Amino acid sequence: MDKADVKVKRTPKEYFTLFLTFFKIGAFTFGGGYAMIPLIQKEVVDNHKWVTADDILEVIAIAESTPGPIAVNAATFVGYKFGGFLGAFMATLGVVTPSFFIIVLLSSVISRFQDNKVVQYAFFGIRAGVLALIVKALINMYRKCPKSPVAYFIFAFSFIMVALLNIKAIYVLIGCALIGLTASFVAKRKEAKK
């Protein structure tokens, strides 16, 4: 994160807009962090231009590799880039507030309606919609990622390790980081020799 970005003075109205934007993301996205990625990208890159498309890839990579839910981490990073500590606080508060109230509300009534066929069909539809959002996030990220033999190898390696061999994601992320660092180091050495 560029320190120059967080030195900008923001008005209370701008912080409130940040809060409301992430409140909307938290309130209208079902299916967890991956399903939120397209909406986060649309709001913070396209609509408000708080970060660039390249920044959002870095934010998502950092949010994925740090402890905690990806949507909360992404909100915190975008908020920090927008307005320092207060921006991080407002964005994080915005994204978690809807979930908190929805969970409190649902926990009091779900046991009465969980066997209801209409509710079961609704959740079936929600799950299908969430899958579509995750696929959209995958396509958007693929378009913006560098295309190279190393990138394709990392993609295949990650998929095999997580999906087929059931290796924990943290170990796969560490392995991918090491492969990326090694490939960058080798490429820089070849470039220096020319």
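Calculated mean residue ellipticity, 222 nm, the chain: -26500 deg cm²/dmol, from DSSP H runs (n ≥ 4) at -39500 (n - 2.57) each, averaged per residue and rounded to 500.
In terms of its C-alpha gyration tensor, region 30-70 has an oblate overall shape, because the principal axis ratio a/c (a ≥ b ≥ c, square roots of the eigenvalues) is not below 1.5 and a/b does not outweigh b/c.
Which of the three applies to the chain, rounded, prolate or oblate, going by the alpha-carbon gyration tensor with a ≥ b ≥ c and a/c under 1.5 meaning rounded?
It comes out oblate by the Cα gyration axes.
Ranking 93, 37, 68 by Cα position along the charge dipole of region 2-119, where only Lys, Arg, Asp and Glu carry charges on their C-beta atoms, puts 93 farthest toward the positive end.
When the residues 124, 77 are ordered by accessible surface, computed with a 1.4 Å probe over the protein chains alone, the sequence from largest down reads 124, 77. Heavy-atom accessible area for residue 157, with the other protein chains in place and a 1.4 Å probe, reaches approximately 60 Å².
Averaging Cα coordinates gives a centre for region 48-79 and one for region 138-172; these two points are 18 Å apart.
Compared with the dominant principal axis of the Cα atoms in the chain, helix 12-28 is inclined by about 80°. Element breakdown for the chain at a 1.4 angstrom probe: carbon and sulfur atoms account for 71% of the accessible area.
So if we plug the beta-carbon distance of residue 9 and residue 42 into 1/(1 + (r/R0)^6) with R0 = 30 Å, what FRET efficiency do we get, rounded to 0.05?
0.70
Note on region 1-115: with charges restricted to the Cβ of Lys and Arg (+1) and Asp and Glu (-1), its dipole about the Cα centre is near 440 debye. Rolling a 1.4 Å probe over the protein heavy atoms gives region 130-188 an accessible area of 75 Å² per residue.
By the gyration tensor of its Cα atoms, with a ≥ b ≥ c the square roots of the eigenvalues, what is the shape of region 10-102: rounded for a/c under 1.5, prolate for a/b over b/c, or oblate? Rounded, since a/c falls under 1.5. Once the Cα atoms are used to define both axes, helix 149-159 deviates from the longest principal axis of the chain by about 40 degrees. Taking only Cα atoms, what is the 0 to 90° angle, nearest 10, from helix 169-193's long axis to the longest principal axis of the chain? With both axes taken from Cα atoms, the answer is about 30 degrees.
The values are calculated or read from the model by the stated rules, or taken from the named source; none is laboratory data. This structure is a prediction, so every number in the text was calculated from the model and none was measured. All Cβ positions, even for glycine, are placed from backbone atoms using ideal geometry, and neighbour counts span all protein chains on display. Keep in mind that these areas ignore ligands, DNA and RNA; they rest on the heavy atoms of the full protein, side chains included. Shrake-Rupley method; radii C 1.70, N 1.55, O 1.52, S 1.80 Å.
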